[in-house]
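To start, the structure itself, in structure tokens.
The values are calculated or read from the model by the stated rules, or taken from the named source; none is laboratory data. All figures in this text were calculated on a predicted structure; none of them were measured in a lab. Heads up, the Cβs are rebuilt from the backbone with ideal geometry, glycines too, and the neighbour counts pull from every protein chain shown. For accessibility, only protein heavy atoms count, side chains too; no ligands or nucleic acids. Shrake-Rupley method; radii C 1.70, N 1.55, O 1.52, S 1.80 Å.
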Amino acid sequence: MFRFESPIYLYLLAVIPLLMAIRWLMMRQQKKRLRKFGDPELVRQLMPNVSRFRPMVKFYLLLAALALFIVMLARPQLGTKISHEKRTGIETIICMDISNSMLAEDVTPSRLDRAKMMVENLVDHFTNDKIGLIVFAGDAFVQLPITSDYVSAKMFLSNIDPSMIPTQGTDIAGAITMASHSFTQQEGVGKAIIVITDGEDHEGGAMEAAKAAKDRGMNTYVLGVGSPDGAPIPVGNGDYLKDNMGQTVMTGLNEEMCRQLADAGSGAYIHVDNNSRAQEQLDKELDKLAKKEISSTIYSDYDEQFQAVGIIILLLLILEVCILEIKNPRLKNVSLFKR
């Protein structure tokens, strides 16, 4: 398996197209200045030793060296040792509602942020379990395939935002159906689908999806976030979402729907008014599920690969130095850079 130990440095690669654009502008200005001296073809005949292509080749060699240097900073690594671990636990797929209604601030700091904190606490309580993450609004998609890598789970969690799904709505049925197909094929292990939502199911079919998952041995648990009293939905600049009549849209936690969904999925409904208390309730429910040895294949050792990249950089720099910007008089009859 190939990876970068410090992938954040790869953002520096954005400077490469910027340098190319600057180079193009400089060449354009140079051509304009040459035209002031006369006909471009006549000017080239008066400068027979000037190469049109050597400076360009030297520039691209330096550019390639710079790109590889940035890659080297990111520390490319190659997995060399595979470990097969046996863990006793369950499999959990978390379905997180990221529709606009989850931005309501009837809980601090917001429904979505409270949901994120709840998932982070849940991950911290896992030890030998596998976890996956699905986000949904009007559509649903897998944010993180089921894994034992809790660090990656937290990383993906921090990037969740309603703008990830342009289609608005709350397709709980689609999320549960997708979750039921995201578990491993291992039999005998407890499998839980945890839906975190405010219960505004605009699409319908959620009960049927939960029952179908139950028939396949997957329990559906629902964590309700928000207040039944309702709250407006912020849209930025201190304003709130309004309907076609200009009235402020109010969104409230639909606890009845959440309870029905949990019952249909043979799970439990938990109102997240206090994260610690909700976590305790959820832990008790998940402890009832059957635990079994779960096989995990991971790379435990990685070898640094920056040395090879460094050698290539050195060769590119040596080649760049060896290429002169003007034609070599001794090799005037040899033109490597001629069309």
By a straight-distance test (C-alpha under 18 Å), which aspartates and glutamates pair with LYS130 as possible cross-link partners, with residues fewer than eight away in the same chain excluded?
GLU85, GLU91, GLU120, ASP149, GLU187, ASP283, GLU285, ASP287, GLU293
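Ordering TYR221, TYR60 from largest to smallest accessible area (1.4 angstrom probe), what's the sequence? Provide the component values of the computation, followed by the final result.
On the way: TYR221 10, TYR60 105 Å².
Descending accessible area places them as TYR60, TYR221.
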Accessible-area ranking of GLU320, GLU208, largest first, probe 1.4 Å
GLU208, GLU320
Return one whole number: the accessible area per residue of region 191-244 in Å², for a 1.4 Å probe.
46
Amide H partners (placed H, <5 Å) of HIS271, local residues excluded
GLY224
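Reported to two decimal places, what Rg/Rh ratio describes region 113-166 when computed on Cα atoms with Rh from the Kirkwood expression?
On the way: Rg = 11.2 Å, Rh = 11.6 Å.
Rounded to two decimals, Rg/Rh equals 0.96.
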Quick calc of log₁₀ I(q)/I(0), region 175-239, Debye, one scatterer on every Cα, no solvent, q values 0.19, 0.20, 0.29 1/Å, result -0.79, -0.85, -1.33
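Above 13 Å lies some portion of the pair distances; for region 140-183, what is it as a whole percent of all C-alpha pairs? Intermediate results must be reported in sequence, preceding the final value.
Working: 584 of 946 pairs.
So the pairs more than 13 Å apart make up 62 percent of the total in region 140-183.
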Tell me, what HN-Hα J-couplings in whole Hz come from the Karplus equation 6.51 cos²θ - 1.76 cosθ + 1.60 at θ = phi - 60° for each residue of region 63-70, using x for Gly and Pro?
5, 5, 5, 5, 4, 5, 5, 5
Sum up the charges of everything whose Cβ sits under 9 Å from the Cβ of GLU304, counting Lys and Arg as +1 and Asp and Glu as -1, but leave GLU304 out.
-1
What accessible surface, in Å², does a 1.4 Å probe find on ARG35, ignoring ligands, DNA and RNA and rounding to the nearest 10?
140
To the nearest 10 Å², what's TYR150's accessible area with a 1.4 Å probe?
40
Net lengthening on full extension, TYR9/LYS31 (0.36 nm per residue, minus Cα-Cα):
4.4 nm
Computed Rg/Rh for region 97-143 (Cα atoms; Rh = Kirkwood radius) stands at 1.03
Binned Cα-Cα distances of region 51-196, short to long, each 5 Å bin given as a whole percent
2, 8, 15, 15, 14, 10, 8, 8, 6, 5, 4, 3, 1, 0, 0
